[in-house]
Amino acid sequence: MKIELIDGLPLILPFGMNQHCIKFIARHIEAMMQVDTVDGTPLFRLKQVPLDTPQVQKVEGCNFYFTFLSDRSDILKDSYAVDPESIFGVSGGFEYPWIFEKNGIEKILDSDQMYENKTPCAFTLLSLDIPGDDEIVFYSIIGNTSSKEKLKNFKSYIVKKGIIEEKREENRRIIREIEDNIATVSSDKNFDSYCAQTFLDNVLRGGLPVVFKTQGSKSIFYLYSRKHGDLERDYNHFVLEQTYLSQGNSHFRDVNQNRRNDVWFNPLVGDSNIITFFNLIQTDGFNPLVVNGLTYTAEDVPALEEWLGKIVKNPESFSDLLEMVKKPFTPGEFIMKIEETGSGISNYDEIVAAMLSFCKENDVGEPHEGYWIDHWTYNMDLIDNFLMVFPDRLREILVDKYVYTFYDNPDIVMPRSRKYVLVDGTVRQYGAVIRDRDKINLINSRKEYPCRVRTEYGEGKIYLTNLLVKILSIITNKISSLDPEGIGIEMEADKPGWYDPLNGMPGLMASSICETLELIRTCSFLSDAISTIKMNGDESVSLFEDLYIFIIDLMEVIEERLNSVDENRAFVFWDESHRIKEEYREKTRLGVSGKDVKVKISTVKDFLNKSIRLLDSIFSEIPRDKLFHKNGVCYTYFLNEVKRKEISSTGSGSPLVTPLEFKQKPISLFLEGPVHLLKVKKESASGIYRSVKNSGIYDEKLRMYKTSESIEREPFEIGRARAYPPGWIENESVYLHMEYKFLLELLKAGLYDEYYEEIKNTMMPFLNPETYGRSILENSSFIVSSAFPDSKLHGRGFQPRLTGASAELLNMWIIMVAGEHPFFVDGVVGLKLRLEPVLPGGFFTEREEVYLTYDGEGRTVEVTVPANCFAFKFLGKTVVVYHNDERKDTFGEDRAGIASYILKYADGATCESQGEVLDTPLANDVREGRVERIDAFLH
């Protein structure tokens, strides 16, 4: 059979383009485009760097395109079309190759193509004679290179027989190995595959931790992490390194949540994420938005120089590498530079680990205008999940480690006197955050760790403390950020909380009960933790002087508030606590004093107890109708309208005002409030669940949970959510992340029957694919609810699968397969392990299953799972098989519980243990990955 064909890209962007070129000067920039032909294949680039500056630079790199037949070792030459007009004619739509149909490939290749001044295409043109029972396979390679020499070497490598196939299989294997961390064998293959896909998606946003064991320590490095970069999420600017060990930029909330469960799947992660994200917390309780990829800088330069000289012999290459590591660099950059030396080194993992032994990790935060009020709460989730695996290390992480610093951000929150303004007769909160020039200059003057708070109010040494003090600083800032009614935490810094499209709410002086509930949780955690580690009242903790004064002054006004019967006591507390907070923030604007005050634990406990009493009084003193709708659902957000005021100053801008009286009004019901209420009111979980299901939050048609009931009655000024049609994006849609948060809290609250009933309609693998409109193995940002005007789209999933919902699913999976607290500490004996799965009988296999997993060395292992079983990977290493002959639920009155275990070690040894608990030696063996398989027998 004779055939002519064209295959390729109707458009290819030349190397050197940036977003500005693509979006704003797409036609103008064509004048700089050029296609070169080297060795018969096209290279695409701009002629020079598109900058309007005196220093003109040539573009050195290029994008490339070439094709080769699978049965040949040479690349096709002079077989390419780069001028779209030669294929499609003058039409710019690329719908149909008119010229190809009319003329065939010979005339196209003989034609005069334009090699500049237009956006090129990249097509391969082939004339083939294929025997009737045969096939011809060809590969087209599209990519980028920094030099023609690199491209030449790459071409000679890629055409070798079998290389493409090997790389394709390597890619599949990498994906399978990543997904193997959450290997699941149940009776539902869709569920098993969905868990694997969700883990992979979580890695693509949060990253995959790789542990480099350096001399006497370790460095946790995240591969792949970046903002969600799906094409549907078109407003996100995300970056991926063009190197090995690639990583990208992200946002605090996103990457924090997506790394929440990493310590479970890889215990070697330890407390690294706790340290990273708590070190991004500032003295004012806020944090920078941007979290960049991790970079390193040489710390012990002489030792590194000596080590480097042993592996790089070329003097010029040695000098280049040494200069590179004296500035921030990534391991991927370093290895690619090593490759350029032609030294033939291949043991990259060992090289990186050795090199990092001489380096320090640089800070990852980057400022951005405004502060979200919810970000700090995700740090507490990191602690919770760490303690699921390491409950015996509570004292170590809370008290013993003095590795915590405060992030120094040039953006500061204005006091009330400078942000409450009169606009068209109403009081608004505008310009709440400014970039402080003094701080910018101070930070820029520092050579090392510029964004770490110093003593001597910015002029001294980096201030170091422990986790207990950092949590205390957060609590103190948040207690003094309650709204004038004492209910919600104020949106005091230009940004809302989790629900981003309420972007107008900070201007309306709004507040949120979600963070108040998280504050209750945090105070309770710290109080309980101090008791758990048996810190007696005479022990002390060192507080920096400024925080000590803040706490002591705040304790006094909390006490006054608790003892007061004045009907204005909430407003008085608001005014006084904010005054104290503003004095503290002004004092610590450039740094802390550096003087430490020894504070007795009894004083810390007293502060926490007073704070808890104050927060508990919200539910005991405040009229119920201020907190709950008549249907029983708690309110989430509140508007705080100024009813009386004084004009404090009039300048060139809007008049500044001092509020004298507020009137609070809740807005429509949101799912977010009940989610957080479930965390601290587990005893009321059943009632909270029923009230939500009986409210307008529940979508009866889809049997799913929306972000909110209708918000049509709310003012347009609350934010862009009001501009979205109902049922779309965050406006009354089924926003998967928040719905999954709700499901997770049902599970944590012990509502197991309700949970499994709900996931039939709310969890992706159980949905109808035709209604969902995409693979049920993938998440979506949101599902169009029945509130949307176009009923044809009801139940359809939209926008990227790289959503925070993946973190919630992983958290649910952990509890489902192992329980919420599998490891625990017996005060007498020590660490113990008790697996407590929460699985319905229907999840256990109906027949024998065989699946492939990977051992610690990356070798494939075949695992047989008998009928009436459920299998999964525990802590990313150990295969656990539950044997449940009667296929009974593992929860409820007639539950099946674990009666015995058989442990198989990596060396082939076995051990049997009776009862539901594994004692200390065995628990340690499991946690440290020495146990290859656990068979748990349920009765």
Within the bounds of the stretch 88-102, is there any residue that is under 30 Å from residue 157 (Cβ atoms), surrounded by 13 or more Cβ atoms within 10 Å (Cβ to Cβ) and assigned by TED's automatic domain parsing to the domain that holds residue 155? no
Contact list, first residue from the stretch 95-121 and assigned to a helix (DSSP H, G or I), second anywhere and of a type in the set (Lys, Arg) and surrounded by fewer than 16 Cβ atoms within 10 Å (Cβ to Cβ), beta-carbon distance below 9 Å, six or more apart or interchain, is 99/107
Residue check, residue 41 in contact with a Ser or Thr (Cβ under 7 Å, 6 or more places away or on another chain), of a type in the set (S, T, N, Q), closer than 30 Å to residue 128 by Cβ and surrounded by 15 or more Cβ atoms within 10 Å (Cβ to Cβ) = no
Check: residue 249: surrounded by fewer than 22 Cβ atoms within 10 Å (Cβ to Cβ) and either modelled with pLDDT under 95 or among the aliphatic types (A, V, I, L, M) (or both), yes or no?
Finding: yes
Per the filter on the stretch 656-696, residues surrounded by 19 or more Cβ atoms within 10 Å (Cβ to Cβ), under 31 Å from the mean Cα position of the chain (by Cα), within 30 Å of residue 426 (Cβ to Cβ) and of a type outside the set (D, E, K, R) are 666, 667, 668, 669, 670, 671, 673, 676
Checklist line | Residue match in the stretch 258-270 (condition: surrounded by fewer than 20 Cβ atoms within 10 Å (Cβ to Cβ), outside any loop (DSSP other than H, G, I, E, B) and modelled with pLDDT of 95 or more) | finding: yes
Only one of (1) in contact (Cβ under 8 Å) with a residue 40 or more places away in the chain; (2) touching a strand residue (DSSP E or B) at 6+ places or on another chain (Cβ under 8 Å); (3) surrounded by 14 or more Cβ atoms within 10 Å (Cβ to Cβ) does not apply to residue 154, and that is (1)
So residue 161, is it of a type in the set (Lys, Arg) and either farther than 20 Å from residue 84 by Cβ or in a strand (DSSP E or B) (or both):
yes
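Among the residues of the stretch 847-864, which ones are assigned to a strand (DSSP E or B), more than 23 Å from residue 927 (Cβ to Cβ) and in contact with a Ser or Thr (Cβ under 7 Å, 6 or more places away or on another chain)?
Across the stretch 847-864, the qualifying residues are 850, 852.
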Residue set 134, 83, 110; condition modelled with pLDDT under 95 and not hydroxyl-bearing (Ser, Thr, Tyr); output residue 134
By residue number, the members of the stretch 738-755 that are assigned to a helix (DSSP H, G or I) and either surrounded by fewer than 19 Cβ atoms within 10 Å (Cβ to Cβ) or out of contact with any helix residue (DSSP H, G or I) (no Cβ under 9 Å at 6 or more places or on another chain) (or both) are 748, 753, 754
Of the residues in the stretch 787-838 that are under 15 Å from residue 258 (Cβ atoms), at pLDDT 95 or above and not aliphatic (A, V, I, L, M), the one that is farthest from the chain's Cα centre (by Cα) is 813
Selection from the stretch 711-724 of residues over 28 Å from the mean Cα position of the chain (by Cα), exposed (fewer than 15 other Cβ atoms within 10 Å of the Cβ) and not basic (Lys, Arg) yields 712, 715, 716, 717
Flagged in the stretch 866-884 as under 17 Å from residue 903 (Cβ atoms), of a type outside the set (D, E, K, R) and in a strand (DSSP E or B), in numbering order, are 869, 871, 872, 874, 878, 879, 880, 881, 882, 883
Screening 413, 403 for residues that are under 30 Å from the mean Cα position of the chain (by Cα), surrounded by fewer than 20 Cβ atoms within 10 Å (Cβ to Cβ) and more than 21 Å from residue 255 (Cα to Cα) leaves only 403
When restricted to 199, 212, the only residue in contact with a strand residue (DSSP E or B) (Cβ under 8 Å, 6 or more places away or on another chain) and among the aromatic types (Phe, Trp, Tyr) is 212
Subset of the stretch 628-655, residues under 41 Å from the mean Cα position of the chain (by Cα), of a type in the set (Gly, Ala, Ser) and either part of a strand (DSSP E or B) or farther than 15 Å from residue 429 by Cα (or both), comes to 632
Filter the stretch 885-924 for residues that are of a type in the set (Gly, Ala, Ser) and in a loop (DSSP other than H, G, I, E, B); the one that is surrounded by the fewest Cβ atoms within 10 Å (Cβ to Cβ) is 908
Counting only residues that are assigned to a helix (DSSP H, G or I) and closer than 26 Å to residue 558 by Cβ, the stretch 444-477 contains a total of 11
Out of (1) part of a loop (DSSP other than H, G, I, E, B); (2) under 27 Å from the mean Cα position of the chain (by Cα); (3) surrounded by 18 or more Cβ atoms within 10 Å (Cβ to Cβ), the one residue 195 does not meet is (1)
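The values are calculated or read from the model by the stated rules, or taken from the named source; none is laboratory data. Since the model is a prediction, treat every value here as computed from it, not as a measurement. All Cβ positions, even for glycine, are placed from backbone atoms using ideal geometry, and neighbour counts span all protein chains on display.
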